[in-house]
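The values are calculated or read from the model by the stated rules, or taken from the named source; none is laboratory data. What you see is a predicted model; the values in this text were computed from it and never measured. So basically every Cβ, Gly included, is an ideal-geometry build from the backbone, and we count neighbours across all protein chains shown. Surface areas here come from the heavy atoms of the whole protein model, side chains and all, with no ligands, DNA or RNA. Shrake-Rupley method; radii C 1.70, N 1.55, O 1.52, S 1.80 Å.
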Amino acid sequence: MNEEKKLIQAANGPSLEEINNTVAIPKDGNFWRNLLAFSGPGALVAVGYMDPGNWITSIGGGAEYGYLLLSVILISSLIAMLLQYMAAKLGIVTHMDLAQAIRKHTSKKLGFFLWIITELAIMATDIAEVIGGAIALNLLFGLPLVVGVFLTIFDVFLLLFLMKLGFRKIEAIVMTLILVILLVFVYEVIIAQPDLPALVQGFIPQKQVLNPGQLTMALGIVGATVMPHNLYLHSSISQSRKIDRTNPQEVATAVRFATWDSNIQLSAAFVVNCLLLILGSALFFGHSEEVGTFSALYDALQNSAIAGAVASPALSVLFAVALLASGQNSTITGTLTGQVVMEGFIHMKIPTWARRLITRGLSVVPVLLCTLYFGGNEQALDNLLIYSQVFLSIALPVSMIPLVYFTSSKKIMGEKFKNPLWVTSLGWICAIALTVLNIRLIIETMSGIF
């Protein structure tokens, strides 16, 4: 384990030092006890795959294209499982998060550039949280959007309170909110009575997904589903469990159960994203122009002319409650990721409250300007949200490529823990394919402007 010791010494201290190596695990536990002990980090990661950014893209995709883009959600979720497995393994084996690993193995200039891209991706994620939270407050309590945007700045105090409860408590709260979101949409989809044969066929990839309008929506779903900032987060919080890092067997066990945890939680996120698109298709297909915003969706769920016989005020309220839960869940993970990225890339440590205020403040600015300029027009906010998700898919290769490279390296991971050839091949195929699609999207977008 000499190579591991060198890597640990090279890293700028443990990632998220306040939670690193703090959660005890049973030394002689059976499979289920171990799974329970390792469960938690996957939930914090899964939150990013069902944040408000997913809602407008997935429901909008269903309303406009029916069940066609279910295949995109399936492929995106499988890619996410592969990448999160790599991220967790990187953290557990090397005791470095992805940001620390990139900083160690790249030049100072390249590392700084990658840090800027990653910070912009975190801001894009935060924009979705701000918009979703502000709109949910407006729908539930009638608060003006400008007021709701300002209020989202103060969720930093909620996070600080949760941090005092301990990391396992945070994991439990997050899993509870995920369950709330899941149950709300299971109920709403059941009463929507989707077309089951068409639904099943939607999971089969169709060539027409590459048409211009569908490509933009598909990449928005990819950006909302496969979250680049989650790769940094998972590589850090996977180190929260107490293991003997000089014992290859304990390390292998930790990697195994971290993978189980991640895949189970991401499967739940996959179900939620499918439910969102299915709801959009079952209730609103052919009415995409009438459900282009969160408020329009809220109204449509109680409008029998659009949602049919299942329309009711209760559905609208449940939708808004789930939206608020989603935004608050994402707040927790966004803050932790910002800390990981700043400390890992530029070796800067600042208080959590200051980091949160800076990140959220920067994200609030474009949302606030958009709100003021368009006079509280929610359609403008939802357009900003969709394009923030497209940006995330563009930023994803910047995180994917180093992750695949590092976890495939014998020098970094060791012979026992480096990626098998088939995993490495799949990783590079995903990175290359997504990069090509993003280049096509940029070309089409620019040609449309000019």
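Ranking of Phe113, Phe185, Phe31 by solvent-accessible surface, largest first: Phe113, Phe31, Phe185 (1.4 Å probe, protein heavy atoms only, all chains present). Computing FRET efficiency as 1/(1 + (r/R0)^6) for Ile432 and Ser312, where r is the C-beta to C-beta distance and R0 is 51 Å, gives about 0.60.
Each residue, His347 and Glu17, gets one label point 7 Å from its Cα in the Cβ direction; the gap between the two is 1.4 nm.
Scalar couplings 3J(HN,Hα) for region 253-263, obtained by applying the Karplus form with A = 6.51, B = -1.76, C = 1.60 to θ = phi - 60°, are 5, 5, 5, 4, 6, 5, 5, 4, 4, 4, 5 Hz; x denotes Gly and Pro. Take the solvent-accessible surface of the protein heavy atoms, probe 1.4 Å, and return the percent of it on region 28-143 that carbon and sulfur atoms account for. Carbon and sulfur: 68 percent of the exposed surface of region 28-143.
Scanning residues 5 or more positions from Gly48 or on other chains, none has an amide H under 5 Å from its amide H, with H placed 1.01 Å from N in the peptide plane.
Averaging Cα coordinates gives a centre for region 39-103 and one for region 232-280; these two points are 11 Å apart. Residue by residue, region 179-185 carries 3J(HN,Hα) couplings of 4, 4, 4, 4, 5, 4, 7 Hz when phi is fed to the Karplus relation 6.51 cos²θ - 1.76 cosθ + 1.60 (θ = phi - 60°); x denotes Gly or Pro. Judged by the gyration tensor of its Cα atoms, with axes a ≥ b ≥ c, region 31-172 is rounded; a/c sits under the 1.5 cut. Count Lys and Arg as plus one, Asp and Glu as minus one, and take only other residues whose Cβ is under 14 Å from that of His234; the net charge is then -1.
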